[in-house]
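This report concerns only the one structure given below.
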Amino acid sequence: MCASALKYDWLALLMLARADEARQSAYGGRGEAPVERRYRERGLGFAFLAGWAAEARELAPLLGFPPAPTGR
């Protein structure tokens, strides 16, 4: 469950690429969403997924997977 956060890694890049667009589509492409609300809510979602990712990194060695790279 925690590792499923990885499937959303594309979303951050897409949001950054579209951040300067004047019109922001609402969820599902139906209508428009206020920019502030859209990015605030997505930020909360990303924070939630980051928590899952951190938990997956902690659990991986306990389940026999090699430690995750540190990125450093």
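Which three lengths, in whole Å and largest first, does the chain cover when its Cα atoms are put on their principal axes?
Cα extents, longest axis first: 46, 25, 16 Å.
So what's the angle, to the nearest 10 degrees on a 0 to 90 scale, between helix 9-18 and the longest Cα principal axis of the chain?
30
Rule-based calculations on the coordinates, nothing more; no lab input. Not measured: the values here are computed from a predicted model.
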